[in-house]
Amino acid sequence: MITRQQQLRIRRKFANEKPTLLIGKNGVTNEVVEEVKKQLKRNEVVKIKILKKALEQTTMKEKTKELVNSTKSELIEVRGHTLTLYKMKVDSNE
């Protein structure tokens, strides 16, 4: 679990960054989850935009919860249809 200070630092750092992943009408598929996991492993932080078409069947809150649970990451921020996830890198020496 990250502290509030760390969370605020990540929010400030990535506030002006563009999303690195777009989720379309197919929603949160296995491929999307795997891509999020790859990006989290590589960068620790991923910014995702969920298009309105993906939210026809469910809400933003449900999609966010699904992504957080399936990637075992932490939610940093939800702003509109864009969310930022964080997962600390695991040291490969252990």
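Any read-out appearing in this document is the output of simple, stated calculations on the displayed coordinates, not a laboratory observation. Just so we're clear, the structure is a prediction, and the values are computed from it rather than from any experiment. Don't worry about glycine lacking a Cβ; one is built from the backbone with ideal geometry, like all the others, and counts go over all protein chains shown.
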Checked THR82, THR58 against criteria (of a type in the set (Val, Ile, Thr) and farther than 23 Å from ARG12 by Cα); the one match is THR58
Do we have THR64 as hydroxyl-bearing (Ser, Thr, Tyr) and surrounded by fewer than 16 Cβ atoms within 10 Å (Cβ to Cβ) here?
no
Qualifying positions in the stretch 2-19 - closer than 14 Å to LEU85 by Cβ and either in contact with a helix residue (DSSP H, G or I) (Cβ under 6 Å, 6 or more places away or on another chain) or assigned to a loop (DSSP other than H, G, I, E, B) (or both)
ILE2, GLU17, PRO19
Kindly indicate which of LEU22, LEU40 is within 10 Å of the chain's Cα centre (by Cα), not in a loop (DSSP other than H, G, I, E, B) and not polar (S, T, N, Q).
LEU40
Single residue of the stretch 40-61 satisfying the filter (surrounded by fewer than 16 Cβ atoms within 10 Å (Cβ to Cβ) and β-branched (Val, Ile, Thr)) that is nearest to LYS18 (Cα to Cα)
THR59
